[in-house]
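S.K.: Got a structure for you, questions after.
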Amino acid sequence: MRKIMKQYANIKTARTLPFVTLSFAMSIDGKIATRTGDSKYISGPQSMAFVHRLRDRHDGILVGINTVLADHPRLTTRLANGKGHDAARIILDSQLRIPLDEPLLHLVSTAWTIVICRKDADPVRKVALERLGVVVIGIPDPHSPEGLREALIRLKGIGIRSILVEGGGTVHFSFIEQRLFDLVFVTVAPIVIGGETAKPAVGGRGFATIAEAAQLRFVRRITAGADLILEAVPANPVEPTLEGA
Ligand SMILES: NC(=O)c1ccc[n+]([C@@H]2O[C@H](COP(=O)([O-])OP(=O)(O)OC[C@H]3O[C@@H](n4cnc5c(N)ncnc54)[C@H](OP(=O)(O)O)[C@@H]3O)[C@@H](O)[C@H]2O)c1
C-alpha cells in the first residue's frame with residue numbers, strides 16, 4: 001500500500017480525482033452482514049487495527065447512508081498508540097435521510113463531516129445539517145456515473161486527495177462499475193454467513209457477463225490473526241492509474 005500510494009503521490013497533482021481505496025471485511029462466502037443486518041464483527045482485532053491504519057493514511061472515509069443507518073459508525077481513527085488523524089467522514093445520502101441525532105454528526109473531532117446529496121434535496125434538512133457543522137455538497141444526481149464522478153471532483157476540489165471507501169455493498173458496486181478505484185483491501189474472515197438475503201460485499205445490480213466484470217490483480221496477501229487481507233489493484237488501470245487526469 002505504501003508503495004502504491006507513494007507512486008500515486010507523484011501523479012496526484014495531475015489528477016482531478018482523489019486516490020480511491022476500497023476496503024471491506026467479508027465472510028468466506030462474500031457476505032458483509034447477515035440476513036438480519038448483523039455485521040459486528042466479521043473480522044478480528046488485527047484486521048480492524050489494519051483498517052484504522054488505512055484510515056490514518058487517507059484524507060476521507062466514505063460510506064453509503066444505509067451503512068450509517070444500520071451500523072451507526074463513528075468513522076474515526078483509533079490507532080493502538082492513540083495517535084493518528086481522523087479523516088473527513090463522507091456520506092452518500094441523496095435524500096438527506098441521515099437523522100439529525102446520528103452519533104456521527106455529534107463527534108468531538110476536528111475532521112469535517114461531509115454529506116453528498118441531490119442538489120434538490122430538502123433545503124430545511126440541508127440547513128439543519130449545516131447548523132451542526134456538516135458540509136453539504138449538492139450535485140444533480142449522486143446515483144449516476146457522472147454524479148459519482150462529480151462528487152469525487154468536488155471532494156478533490158476541497159482538498160480531499162485520497163478516499164477510503166468502507167461500504168456498503170451498493171456503494172462498492174458503484175465505484176467498481178465506474179472503475180473509480182485504485183486499490184482494494186478485502187479482509188476475508190474464516191466464517192460462513194450464508195443466506196440469499198444476507199448483504200453481499202459488492203451489491204448493486206452487478207455485471208451481466210463475466211466479460212464485463214472488473215478485472216483485478218492481487219499484489220499482496222497479509223495474514224492478520226485468523227483473517228487474510230488480500231490487496232489488489234485494477235488489472236488494466238486507465239492512465240495514469242485512474243483516468244481523470
Ligand atoms: N463488513 C463490512 O466491512 C461492512 C462495511 C460497511 C457496511 N456493511 C454492511 O452493509 C450494509 C449496508 O449496505 P447497503 O448496500 O445496503 O448500503 P450502502 O452501500 O451503505 O448505502 C447505499 C445507499 O447510499 C446511497 N447512495 C447515494 N449515492 C450512491 C451511489 N452513487 N452509489 C451507491 N449508493 C449511493 C443510496 O441511498 P439514497 O438513494 O437514499 O441516497 C443507496 O441506497 C449494512 O448491513 C452494513 O452493516 C458491512
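S.K.: Residue by residue through the stretch 178-199, note down the ones that are surrounded by fewer than 19 Cβ atoms within 10 Å (Cβ to Cβ) and within 9 Å of the ligand (Cβ to nearest atom). Explain how you work it out, then say what you get.
M.R.: Looking only at the stretch 178-199, we keep the residues that are surrounded by fewer than 19 Cβ atoms within 10 Å (Cβ to Cβ), and these are 178-179, 190-192, 194-197.
Passing the criteria: only GLN178.
S.K.: Right, another one. Restrict the check to the stretch 12-21 and report whether at least one residue is away from the ligand (no atom under 11 Å from the Cβ), over 18 Å from HIS172 (Cα atoms), surrounded by fewer than 16 Cβ atoms within 10 Å (Cβ to Cβ) and within 19 Å of the chain's Cα centre (by Cα). Quick ask: steps written out before the conclusion?
M.R.: The first filter runs over the stretch 12-21 and keeps only residues away from the ligand (no atom under 11 Å from the Cβ), leaving 12-21.
If we keep only those that are over 18 Å from HIS172 (Cα atoms) too, we end up with 12-16.
Subsequent filtering for residues that are surrounded by fewer than 16 Cβ atoms within 10 Å (Cβ to Cβ) retains 13-14, 16.
Right, trim to within 19 Å of the chain's Cα centre (by Cα) and you get 16.
Within the stretch 12-21 (the criterion being away from the ligand (no atom under 11 Å from the Cβ), over 18 Å from HIS172 (Cα atoms), surrounded by fewer than 16 Cβ atoms within 10 Å (Cβ to Cβ) and within 19 Å of the chain's Cα centre (by Cα)), the answer is yes, since at least one residue qualifies.
S.K.: Further question on the same structure: Please find, among ARG149, ARG217, the residue that is among the basic types (Lys, Arg) and more than 13 Å from the ligand (Cβ to nearest atom).
M.R.: Values: ARG149 fails: more than 13 Å from the ligand (Cβ to nearest atom).
Among ARG149, ARG217, only ARG217 is among the basic types (Lys, Arg) and more than 13 Å from the ligand (Cβ to nearest atom).
S.K.: Within the bounds of the stretch 107-116, is there any residue that is at pLDDT below 95, more than 16 Å from the ligand (Cβ to nearest atom), polar (S, T, N, Q) and closer than 19 Å to SER162 by Cβ?
M.R.: Taking the stretch 107-116 first, the residues at pLDDT below 95 are 107-110.
Within this subset, residues satisfying the condition of being more than 16 Å from the ligand (Cβ to nearest atom) are 107-110.
Right, trim to polar (S, T, N, Q) and you get 109-110.
Those still in the list that are closer than 19 Å to SER162 by Cβ too: 109-110.
Within the stretch 107-116, one or more residues are at pLDDT below 95, more than 16 Å from the ligand (Cβ to nearest atom), polar (S, T, N, Q) and closer than 19 Å to SER162 by Cβ.
S.K.: Among the residues of the stretch 26-61, which ones are near the ligand (Cβ under 10 Å from one of its atoms), closer than 21 Å to ALA232 by Cβ and either within 12 Å of the chain's Cα centre (by Cα) or basic (Lys, Arg) (or both)?
M.R.: Scanning the stretch 26-61 gives LYS31, VAL51.
S.K.: Could you list all residues from the stretch 92-135 that are of a type in the set (Val, Ile, Thr) and more than 25 Å from PHE175 (Cβ to Cβ)? Write out each step before concluding.
M.R.: The initial filter retains those residues of the stretch 92-135 that are of a type in the set (Val, Ile, Thr), namely 98, 108, 110, 113-116, 124, 127, 134-135.
The answer is VAL108, THR110, VAL124, VAL127.
For every residue, the table says whether it meets (1) crowded, with 18+ Cβ neighbours inside 10 Å; (2) in a loop (DSSP other than H, G, I, E, B); (3) touching a helix residue (DSSP H, G or I) at 6+ places or on another chain (Cβ under 7 Å).
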site: ARG74; (1), (2), (3): no, yes, yes
site: GLY84; (1), (2), (3): no, yes, yes
site: VAL108; (1), (2), (3): no, yes, no
site: VAL124; (1), (2), (3): no, no, no
site: GLU130; (1), (2), (3): no, no, no
site: ASP141; (1), (2), (3): no, yes, yes
site: GLU146; (1), (2), (3): no, no, no
site: ARG154; (1), (2), (3): no, no, no
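S.K.: Would you mind finding the one in ALA88, ALA70 that is buried (at least 21 other Cβ atoms within 10 Å of the Cβ) and either within 16 Å of the ligand (Cβ to nearest atom) or within 19 Å of the chain's Cα centre (by Cα) (or both)?
M.R.: Values: ALA70 fails: buried (at least 21 other Cβ atoms within 10 Å of the Cβ).
Sole residue among the options that is buried (at least 21 other Cβ atoms within 10 Å of the Cβ) and either within 16 Å of the ligand (Cβ to nearest atom) or within 19 Å of the chain's Cα centre (by Cα) (or both): ALA88.
S.K.: Right, something else. Conditions: (1) surrounded by fewer than 16 Cβ atoms within 10 Å (Cβ to Cβ); (2) of a type in the set (Lys, Arg); (3) closer than 20 Å to VAL165 by Cβ; (4) at pLDDT 95 or above. ARG78 meets all but one. Number of the miss?
M.R.: Failed condition: (4).
The values are calculated or read from the model by the stated rules, or taken from the named source; none is laboratory data. Only a predicted model underlies this, so the values are computations on that prediction, with no experimental measurement involved. As a convention, Cβ positions derive from the backbone with ideal geometry for all residues, glycine included, and neighbour counts pool all protein chains shown.
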